[in-house]
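Comments concern the structure below.
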Amino acid sequence: QVQLVESGGGLVSAGGSLRLSCVVYGGTLSNYRMTWFRQAPGMQRELVAQISSDYDTHYIETVKGRFTISRDNAKNTVYLQMSSLKSEDTATYFCAGQVDYSYPIWGRGTQVTVSS
C-alpha cells in the first residue's frame, strides 16, 4: 500500500522559515500530482500548494512569493519551503498524492506553529 509521511514541522518565530517534507512509500512519485493542504483550529482545510507530475505549480494567493513546492522523484519526496512565515500560517500541514483520477492518499500531518 502507498503511504505518505510528513515531517519538518515545528515552532518558529514570525519571519522565519521551515521546510516540510513528504515521503511517498510504496509508490512511484513521478506518477503523482502532489498537494500540500493545511488546517488551522476552527477553520476549514485549504489547499496551499500543488505540483503536477509535469512540475507545474499552483499556490493560494496568500502564500505566493513566500512558499515554494518542489519534488525530487529520485528520493520519492515532495517539499514545501516556507519563508517569511506569519502567525496566520499556523496549522497542521498535510500532503496528499493522486494519480490521474484515483482516490487521493493522505499523510497524517505535521504541525507548524508560528509565534508572533
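The values are calculated or read from the model by the stated rules, or taken from the named source; none is laboratory data. Not measured: the values here are computed from a predicted model. In case anyone asks, the SASA skips ligands and DNA or RNA and just uses the protein heavy atoms, side chains included. Shrake-Rupley method; radii C 1.70, N 1.55, O 1.52, S 1.80 Å.
Separation of segment 1-64 and segment 76-116, taken as the distance between their Cα centroids, equals 3 angstrom.
Rounded to the nearest 10 square angstrom, Y25 shows an accessible area of 120 square angstrom against a 1.4 Å probe.
Extension gain for the segment V2 to A14, taken as residue separation times 0.36 nm less the Cα-Cα distance, is 0.8 nm to one decimal. Converting phi to 3J(HN,Hα) with the Karplus coefficients 6.51, -1.76 and 1.60 and the offset θ = phi - 60°, segment 95-106 yields 10, 9, x, 8, 9, 6, 10, 5, 5, x, 9, 10 Hz in sequence order, with x at every glycine or proline. Calculated on the alpha-carbon coordinates, the convex hull of the chain measures out at 97 cubic angstrom per residue.
If you sort T28, T113 by accessible surface, 1.4 Å probe, largest first, the order is T28, T113.
The accessible-area ordering, largest first, of the residues Y55, Y101 stands as Y101, Y55, per a 1.4 angstrom probe. Working note: Karplus 6.51/-1.76/1.60 with θ = phi - 60° gives segment 23-29 the couplings 9, 9, 10, x, x, 9, 4 Hz, where Gly and Pro are set to x. Per-residue accessible area (protein heavy atoms, 1.4 Å probe) orders R108, R45, R71 as R108, R45, R71, starting from the largest.
Based on Cα contacts under 8 Å between residues 6+ apart, the chain shows a relative contact order of 36 percent.
Computed from backbone phi with θ = phi - 60° and the Karplus coefficients 6.51, -1.76 and 1.60, the 3J(HN,Hα) list for segment 54-61 is 9, 6, 6, 10, 9, 9, 6, 4 Hz; x is used for glycine and proline.
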